[in-house]
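The values are calculated or read from the model by the stated rules, or taken from the named source; none is laboratory data. Since the structure is predicted, the reported quantities are computational estimates derived from the model, not experimental observations. Positions of Cβ are generated from backbone atoms using ideal geometry, with glycine treated the same way; all protein chains shown enter the neighbour counts.
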Amino acid sequence: MDPRARPDTLLLAAGWWSGSGVARGALAIHRGKMAPAAWTTALRIDLRDHLVFPGLINAHEHLHINAVPPLRSGAPFPNSYAWIDAFQAHFAEPSVIAALARPMALRLRHGALKNLLAGTTCVVHHDPWHTSLDDPDFPVALLRDFEWSYALAGPNYGPPVCASFAATPPDRPWMIHLAEGTDAVARAELAELDRLGCLAANSVLVHGVGLSARDIERVIAGGAAVVWCPGSNRALLGHTLDPRRLCEAGRLLLGSDSRLSGERDLLEELRLALDRYGLTPAQLLDLATRDATRILGLPGRGRLSPGAYADLLIVEDRGGDPVRNLLGLTRSEIRAVVRDGVPRIADPDFAYWFAAFGIDTVPVTLDGRPKLIDRRLADGALLALEPGLAAGATASAPCFAVAGAR
């Protein structure tokens, strides 16, 4: 992309989710970040029949294993360690061998693209860092400057628990899979973590299915948080935690896990959680936006206020409850996903927006619907990994209303 072609300022005439309701007017983007809507010289785009939401934040992912075929038998398992043991024989399957033989950079990029297609623009990757994650055109933003361990027991994988926790500054998150099960092993893990001195206000515990009501109060009292992955929990364990108390206390996040055990993406997690676990649509959306911003230390994400990154999810305004409508969408119904103020994947009638920023596009279909995608995300090997995404002719469509700089 030629940076000289990029407009400094963009004004979107739209409704947008303010966190408590829909505001309407001019939503301003200046040099890739949200800005006060006081600009007189800008590219203007009429989205008055649309709603704009902040890009979603996925608080738990393993980006590199989304194309690995899942284990199809044995569930429900008593805990994740039993699932790991059962998976060992699965490694000998030719399809698994082939999936793991692909270059790591491609596998990571695929996991990121999977997230982006469903409106997730920032991800927590719970695995070793890889140099490809620093590529300037990596599809999503990532949580950085944090530490992690894999789990208290199980495989000898990842940084040691106590050393990793001790290396984490108190103002940065420390992540660990914990209490991922329904048996006595899982139920005992919070007490063991506390005994090790690793339960603190920056501890972010992933899954937490085995936490008792007393354990949950202990987590809240210590200022820690839990990442809820209901799809993965149901698939592996046949059960998930009751999210209401942690949500009420503001100590809950939402993650998709990978497709190896979880749902297709975070949007699918939100859709399946709607009306199922006692949380309102607005509470569910907060888990993947405002709550994630606060708990993970991501002040530039998950909001549309001035200074935030212009990572946006644009949908049609269908009337009624805007958040309920959003959470009921499939990924192909999203009109556009925007990162740093520019579209990355969008419906064909958003072609002018791409062109205004000098972004070359490739026509694709997403779950049978025509889209345009940033050419930098359209490598053939990458597209081939994602079910439902294929290169193809995109039907022409009239451009939405655009006013040039004036």
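Of all residues in the range 82-105, those that are farther than 21 Å from ALA151 by Cβ have Cβ atoms under 8 Å from Cβ atoms of residues that are surrounded by fewer than 14 Cβ atoms within 10 Å (Cβ to Cβ) and aromatic (Phe, Trp, Tyr), 6 or more apart or on another chain, in ILE97/PHE91.
Would you be able to say whether some residue in the range 100-123 is aliphatic (A, V, I, L, M) and in a loop (DSSP other than H, G, I, E, B)?
Filtering the range 100-123 down to residues aliphatic (A, V, I, L, M) leaves 100-101, 104-106, 108, 112-113, 116-118, 123.
Remaining after also requiring in a loop (DSSP other than H, G, I, E, B): 118.
There is at least one residue in the range 100-123 that is aliphatic (A, V, I, L, M) and in a loop (DSSP other than H, G, I, E, B).
This table checks each residue for (1) outside any loop (DSSP other than H, G, I, E, B); (2) of a type in the set (S, T, N, Q).
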position: SER256; (1), (2): no, yes
position: ARG264; (1), (2): no, no
position: GLY278; (1), (2): no, no
position: ASP291; (1), (2): yes, no
position: ARG294; (1), (2): yes, no
position: LEU298; (1), (2): no, no
position: ARG303; (1), (2): no, no
position: GLY320; (1), (2): no, no
position: ARG324; (1), (2): yes, no
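If the condition is being of a type outside the set (Ser, Thr, Tyr), surrounded by fewer than 21 Cβ atoms within 10 Å (Cβ to Cβ) and either at pLDDT below 95 or in a helix (DSSP H, G or I) (or both), then the range 328-339 contributes only GLU333. Entry remark, the range 289-314: residues being touching a strand residue (DSSP E or B) at 6+ places or on another chain (Cβ under 6 Å), over 21 Å from PRO36 (Cβ atoms) and among the small types (Gly, Ala, Ser) number 1 in total. With the condition kept exactly as written, say whether any residue in the range 235-248 is surrounded by 17 or more Cβ atoms within 10 Å (Cβ to Cβ), under 24 Å from LEU304 (Cβ atoms) and out of contact with any Ser or Thr (no Cβ under 6 Å at 6 or more places or on another chain). Among the residues of the range 235-248, at least one is surrounded by 17 or more Cβ atoms within 10 Å (Cβ to Cβ), under 24 Å from LEU304 (Cβ atoms) and out of contact with any Ser or Thr (no Cβ under 6 Å at 6 or more places or on another chain), which makes the answer yes.
Return yes or no: is ALA67 closer than 16 Å to GLU386 by Cβ, assigned by TED's automatic domain parsing to the domain that holds GLY231 and assigned to a loop (DSSP other than H, G, I, E, B)?
On the way: closer than 16 Å to GLU386 by Cβ: yes; assigned by TED's automatic domain parsing to the domain that holds GLY231: yes; assigned to a loop (DSSP other than H, G, I, E, B): yes.
In short, yes.
Pick from ARG335, ARG318, ARG339, ARG324: which is out of contact with any Asp or Glu (no Cβ under 8 Å at 6 or more places or on another chain) and over 19 Å from GLN283 (Cα atoms)?
Values: ARG335 fails: out of contact with any Asp or Glu (no Cβ under 8 Å at 6 or more places or on another chain); ARG339 fails: out of contact with any Asp or Glu (no Cβ under 8 Å at 6 or more places or on another chain); ARG324 fails: over 19 Å from GLN283 (Cα atoms).
None of the others qualify; the one that does is ARG318.
When the range 154-207 is limited to residues that are of a type in the set (Gly, Ala, Ser) and touching a helix residue (DSSP H, G or I) at 6+ places or on another chain (Cβ under 7 Å), the one that is farthest from ILE295 (Cα to Cα) turns out to be GLY154.
Does ALA59 count as at pLDDT 95 or above, within 26 Å of LEU266 (Cβ to Cβ) and not basic (Lys, Arg)? Taking the combined requirement at face value, the residue satisfies it. Selection over the range 264-302 of residues that are of a type outside the set (A, V, I, L, M, F, W, C) and buried (at least 22 other Cβ atoms within 10 Å of the Cβ) gives a count of 7.
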